[in-house]
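**Q** Below are the structure tokens for one structure; questions will follow.
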Amino acid sequence: MLDEKAYHGAIALGDTIPALGYGKVVASANPKLRSAIDYKDTHLTIGEQLDKLCPNGIDYYFDTVGGELLDEVLRRLNRNARVVICGASSQYNGNLNVGTVRGPSEYLKLAERGAQMIGFNVMFYFHRLPGAMVHILWLMFRGKIFMTEQLERGIEAFAPAMIKMFTGGHIGKLLVEIGPPRPSSEGTGEASKKIV
């Protein structure tokens with residue numbers, strides 16, 4: 001199984017991709033999401049979950065996890081699939097330039113299936129940010145995509161919130177509000193789905 005502290009979830013585009021007219025999205029995040037892989041599942045392996053959720057294979061994968069999950073996805077790629085590498089949270093256990101970083105052991109599946117893998121760094125696309133923000137806000141305004149937030153309150157919540165980021169103990173964007181307490185009907189640590 002995966003190292004629980006290093007593995008926190010992958011795809012943050014679960015609502016965005018279908019809103020753009022593309023097909024089914026499977027996320028490797030909290031199992032409360034629709035079509036999600038539960039990396040903490042003790043009954044099914046990640047591969048078995050992928051087989052169940054993606055019986056016809058995988059055409060596109062946006063990777064922020066790396067490690068075992070990436071290898072399991074590579075084994076299930078369809079012909080001409082696309083893989084985008086954006087991060088490797090399963091490898092974040094210190095300085096990535098020191099020590100051993102596990103690369104994909106199933107990389108030959110790319111050649112076998114005529115698939116492509118490319119790196120993505122948002123820093124190269126800042127010039128497109130204004131247009132992307134307008135488009136995302138339009139989708140949110142129309143109720144096509146939602147931003148899920150989990151709010152923790154107080155400075156004492158900071159350290160536990162950091163741990164939650166790397167153990168999958170939160171849903172959506174994890175925020176810590178620091179400042180004087182304010183009255184609220186929402187409980188601390190509750191996730192809410194909001195149209196912004």
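**Q** Going through region 39-87 one residue at a time, which ones are in contact with a helix residue (DSSP H, G or I) (Cβ under 7 Å, 6 or more places away or on another chain), closer than 20 Å to G168 by Cα and small (G, A, S)?
**A** G47, G66, G67
**Q** Also, quick follow-up: So which of T100, T42, T64 ends up being farther than 25 Å from K164 by Cβ, modelled with pLDDT under 90 and not assigned by TED's automatic domain parsing to the domain that holds G168? Give the steps one after another, and end with the answer.
**A** Details: T42 fails: farther than 25 Å from K164 by Cβ; T64 fails: farther than 25 Å from K164 by Cβ.
Of the residues listed, the single one that is farther than 25 Å from K164 by Cβ, modelled with pLDDT under 90 and not assigned by TED's automatic domain parsing to the domain that holds G168 is T100.
The values are calculated or read from the model by the stated rules, or taken from the named source; none is laboratory data. This is a predicted model, so every value here is computed, not measured. For neighbour counting, all protein chains shown are included, and Cβ atoms are generated from backbone atoms with ideal geometry for every residue, glycine included.
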